[in-house]
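Encoded as structure tokens, the structure appears first; notes follow it.
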Amino acid sequence: MSIRLLSEKDHERWDAYVTGSGASAYHQVGWKNIIEKGFGHKTYYLMSEGGRGEINGILPLVQLKSVLFGNFMISLPYFNYGGIFSEGREIGCRLLDEAIDIAKRENAEHIELRHTYRMDNGFPVKTAKVSMCLKLPANADDLWKSFTSKLRSQIRRPVREGMYPRLGKEEELDNFYASFSLNMRDLGTPVYSKEFFRSILREFPETTNICTVYTKNGRPVASGFLVGFKDKLEIPWASSLRRYNRYSPNMLLYWSSLKFACENNFTVFDFGRSTPGEGTYRFKEQWGARPIQLYWQYWLRGAKGLPELNPKNPRYKIAIIIWKKLPVGLTKLIGPLIVKNLP
């Protein structure tokens with residue numbers, strides 16, 4: 001068994017391994033291209049090979065390095081999944097040892113691995129987050145019948161107001177980004193650039209889509225970005241304009257995305273990451289979604305506490321308050337410069 005860095009000639013083999021195994025969508029090489037070109041980060045994609053040269057384990061690793069947030073490595077930033085995928089514990093441990101050696105050489109403060117399983121290595125772990133996933137029936141009619149009468153009524157509300165959904169790709173990007181950037185400003189969170197989302201659509205043209213809900217006058221009021229991989233359709237980014245909340249366009253957005261999933265033979269719909277008991281968790285739960293525990297495990301340099309690069313850290317409270325008051329146009333300009341260094 002040997003471990004080495006991915007080379008360009010290995011890309012096809014790497015993706016074939018990801019597709020044929022239980023690895024996630026975000027293990028695909030295309031995300032390496034997006035991160036390197038869009039954010040300028042250094043990546044270390046580690047692969048393990050057996051005696052016959054076959055791939056038997058992978059670990060995509062990205063280094064984030066900035067004055068504001070420090071120097072650390074993560075698999076994978078910006079997304080819910082990543083980490084080590086291997087054919088057994090020994091291979092996984094070897095990949096991790098190689099990653100630690102790289103982190104030490106690069107003077108990284110920590111490594112964060114985003115897993116859906118707990119590595120049995122004694123490393124500290126965070127378990128505060130879950131992914132909310134719904135097993136889908138064979139057709140949308142059966143899914144509709146499984147909903148409560150209250151949920152069906154909430155979906156019908158925007159339809160009665162004349163709202164309608166539309167699925168597309170780059171032609172829907174401007175409308176998606178308009179609502180997404182406004183919503184992120186209101187949350188006090190720096191926003192990704194529009195080009196980040198454009199690069200995803202172009203890197204994965206067959207498996208990414210945008211679903212947008214419009215008023216009867218053609219105004220976009222809710223939109224979600226869809227990423228498909230094997231049997232799963234995920235909605236990692238979604239938002240709606242708050243002034244239209246009373247019409248529940250987000251309900252039509254999610255129903256339209258679920259319907260699309262059923263019609264395209266996906267068997268799982270991933271609503272994304274949530275904290276149990278909070279509002280987004282309850283929103284996803286009402287659709288029938290169930291939690292999948294996430295295990296974010298850490299290698300730490302020295303006796304340090306776990307990193308808390310998230311909006312709940314009191315250290316960022318004032319910055320969040322100020323950000324909410326900034327003009328949306330300004331947040332679009334400076335947000336991408338900040339968020340690229342936030343995991």
**Prompt:** Being closer than 20 Å to Leu309 by Cβ, at pLDDT 95 or above, in contact with a helix residue (DSSP H, G or I) (Cβ under 6 Å, 6 or more places away or on another chain) and not acidic (Asp, Glu), is that true of even one residue in region 124-144?
**Reply:** no
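One line per residue, one yes/no per condition, for (1) loosely packed, with under 13 Cβ neighbours inside 10 Å; (2) in a loop (DSSP other than H, G, I, E, B); (3) not assigned by TED's automatic domain parsing to the domain that holds Glu206:
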{"site": "Asp142", "(1), (2), (3)": "yes, no, no"}
{"site": "Lys150", "(1), (2), (3)": "yes, no, no"}
{"site": "Arg156", "(1), (2), (3)": "no, no, no"}
{"site": "Gly162", "(1), (2), (3)": "yes, yes, no"}
{"site": "Arg166", "(1), (2), (3)": "no, no, no"}
{"site": "Ala178", "(1), (2), (3)": "no, no, no"}
{"site": "Met184", "(1), (2), (3)": "no, no, no"}
**Asked** Among the residues of region 26-36, is any in the same structural domain as Leu6 (by TED's automatic domain parsing), under 16 Å from Thr116 (Cα atoms) and either touching a Gly at 6+ places or on another chain (Cβ under 7 Å) or not hydroxyl-bearing (Ser, Thr, Tyr) (or both)?
**Response** yes
**Message:** With the requirement that a residue be without any contact (Cβ under 8 Å) to a residue 40 or more places away in the chain and of a type outside the set (D, E, K, R), what does region 5-48 give you?
**Reply:** Ser7, His11, Ala16, Gly20, Val29, Thr43
**Prompt:** When region 274-294 is examined, which residues are found to be surrounded by fewer than 17 Cβ atoms within 10 Å (Cβ to Cβ) and assigned to a strand (DSSP E or B)?
**Reply:** Arg290, Pro291, Ile292, Gln293
**Item:** Hits in region 295-326 - residues which are part of a helix (DSSP H, G or I) and loosely packed, with under 11 Cβ neighbours inside 10 Å
**Value:** Pro314, Arg315, Ile318, Ile321, Ile322
**Fill in**
Within region 227-273, residues being without any contact (Cβ under 8 Å) to a residue 60 or more places away in the chain, among the polar types (S, T, N, Q) and either more than 24 Å from Glu203 (Cα to Cα) or buried (at least 21 other Cβ atoms within 10 Å of the Cβ) (or both) number 3
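The values are calculated or read from the model by the stated rules, or taken from the named source; none is laboratory data. The structure presented is a predicted model; accordingly, all values stated were derived computationally and were not measured. Here the Cβ is made from the backbone with ideal geometry for all residues, glycine too, and neighbour counts use every protein chain on show.
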